[in-house]
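The values are calculated or read from the model by the stated rules, or taken from the named source; none is laboratory data. Every value quoted in this text rests on a predicted model; they were computed, and no experiment measured them. Here Cβ is always computed from backbone atoms with ideal geometry, including for glycine, and neighbour counts include all displayed protein chains. Side chains included, ligands, DNA and RNA excluded: accessible areas come from the protein's heavy atoms. Shrake-Rupley method; radii C 1.70, N 1.55, O 1.52, S 1.80 Å.
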Amino acid sequence: MSAEEGSSSASGSAETPSNPAGVSDDNTNNADQPTTAPPDSQPQPESVMAEPTPPSNNAINNLLAALNENRSEMRHRNRQIQELITRVEQLQKDLQEKDETIEDLNKQVSIRNKHNGPKLPDGLQFPTEIFDEIFLYCNAKTRLNFAAANSYFLKRYGVWRDVKSLYVTRSPVENQDRVTVIPHTYTIRTNCTNLGTFKATNIFSLAKVMPLTKSLLIESNQYSISSQCNRIPPQHGFFPHLPELELLKICNITDNLSIKYTLSELFALPKLRVLHVREFRQDFLLPEPSTVAAPLWQMRLGLAFQNAEKLPELLDKLSPTLTSVDISPLRSFMPIASNVETQLLPAMAGHLENLTELHVPSVVSRHHSFEASLMLLRTFSKLRKVTFEALHLSAIVNIVNALPESCTHLTITDTFYINSEMVTLSSNQVLAIDKVLSEPKYSTVKTELSRITRPMTIQLGRLRGNSPPTVIKNVTSVVKIISNASVLPKCKMTEYDKRVFLWDGCILSRNEFLARIGVVPFDSSSSR
């Protein structure tokens, strides 16, 4: 046996009791003593459980902070998710609306295609641009036939978009052998050379194909027999079909052309800037201010109107844009009580703050109350030119003294009285300037005008065409007389045609005026 084994045995015998049975005699005698269990059955000592260490305050705070941070992050992400959901819903709604719009447009295109009429046969389908070019080179009759070919052409070529300027008159009387022919038709010219001169029997047919017209001259043919034997049916409501009009000149069309209209129709045109109306055979009512839509800056009215008391209200409505006024009231055919001679100038004074050009008709300047109203001229603070149809030499100084300082030009258009002699300055005659500037009249004129102490240009007669003044006479250092009335009018004056036209205060022939507004003038062979 080795030493280790011996040691182990010794140790075992030292720990083992002498009574191997494990029961001693004393155990029977002393029953109260606890029984000693055998070594193998003796219970093992219990393991001791370590009590948990309570967490520190810092750990708890860190945990709560982490939880709060997580909650904040969750709330932020929830908001982002909600926003994304809202955006997706809005995008879906927009897409749905666009799909519905596209569907509606497709339906409209489908409906239009159904009404486009038959297509051109195969082999004849040219690009639309080619048809557009062909259309521009057609005359009036061919254009109408072009548009009548089918519904597609009617929609595309039913409006003549290249027509911007228009001239309408009544066809002239034709004097043949033993026969006088009175055509009941309209003669028309435009700014398009290819259209040429053509005729129409219905004025409304023009309005339908030329609604984009911007300039219009419409006049009678000056043959009295045309008005007396007129068989053209009355036609109403022509001008409202031309909403793009910017310049409109009307000369005696009510009886001669059977075109009936009201001033309310004209003043309601939304783009009208220049309006000239001259009618002899009809009374007109001035429009209500609430119906006025035209931004007029030049207005010439030579007609009879019944309700002169409406004039101040009308001028108030026009005052923001109106710079030139020529109102020549004619005698009314109605038995009404009206004193336009005394009402006209007071009605204009104080209502036209932007007025730069004023025309005073002879019915006003010849009335005995005119001198008492002279100081009203000073209310036109921006006035630059004043025009009188008839004036006496002795009245010029008082008129000049009453004018505002801005006015430096005075024109006498028709009649100039020197003492007891009348000098005619009318547009269809040649003024012999010696009647004014020869002695002894010129001495009288010079003596009277030398009383004027402010710069003033006095014009005798209207300037004619593009001709510059042929007479410039310095009467004093501040007053001068100008005129080119000695120039022969370029227009062809006949027994039936003595009409001239005004443009910016100058006299023009018909062809000159038509050229100014863009209409192709008549040839010399057909100038009537």
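Given in Å, the Rg to one decimal and the Dmax to the nearest whole number for the Cα atoms of region 208-250 are 12.9, 34. Expressed as a whole percentage, what fraction of the accessible surface of region 199-316 belongs to carbon and sulfur atoms when a 1.4 Å probe is rolled over the protein heavy atoms? Ligands and nucleic acids excluded, carbon and sulfur give 54 percent.
Based on the Stokes-Einstein relation at 25 °C and a viscosity of 0.890 mPa s, and on the Kirkwood radius from alpha carbon pairs, region 172-242 is assigned a translational diffusion coefficient of 176 µm²/s.
Could you tally the net charge around Ile182, taking each other residue with its Cβ under 12 Å from the Cβ of Ile182, Lys/Arg +1 and Asp/Glu -1? Show your work: numbers first, answer last.
On the way: positive: Arg170, Arg231; negative: Glu174.
That works out to +1.
When the Kirkwood hydrodynamic radius is evaluated over all pairs of different C-alpha atoms of region 131-218, what value in angstrom, to one decimal, is obtained? Hydrodynamic radius (Kirkwood, Cα pairs) of region 131-218 is 14.1 Å.
Annotation note: trypsin sites (Lys or Arg not before Pro) in region 320-421 located in DSSP loop regions with a Cβ neighbour count of at most 11 within 10 Å are Arg331. When you work out D = kT/(6 pi eta Rh) for region 178-317 at 25 °C and 0.890 mPa s, using the Kirkwood radius from C-alpha pairs as Rh and the Stokes-Einstein form, the result is 152 µm²/s.
Take the alpha-carbon centre of region 219-233, take the same for region 167-216, and report the distance between them in whole Å. What the calculation gives is 14 Å, centre to centre.
Over every Cα atom in region 309-419, the radius of gyration and the widest Cα-Cα span, Dmax, amount to 13.8, 42 Å. The residues neighbouring Asp104, those whose beta-carbon lies less than 11 Å from its own, together hold a net charge of -2 under the Lys/Arg +1, Asp/Glu -1 convention. Applying 1/(1 + (r/R0)^6) with r as the Cβ-Cβ distance of Glu353 and Leu64 and R0 = 60 angstrom yields a FRET efficiency of 0.15.
Beyond 30 Å between alpha-carbons counts as too far, so tell me which of Lys164/Lys260; Lys382/Lys441; Lys260/Lys310 fall in that bin. Checking Cα-Cα distances, Lys382/Lys441 exceed 30 Å.
The heavy atoms of Cys251 offer some 10 square angstrom of accessible surface to a 1.4 angstrom probe.
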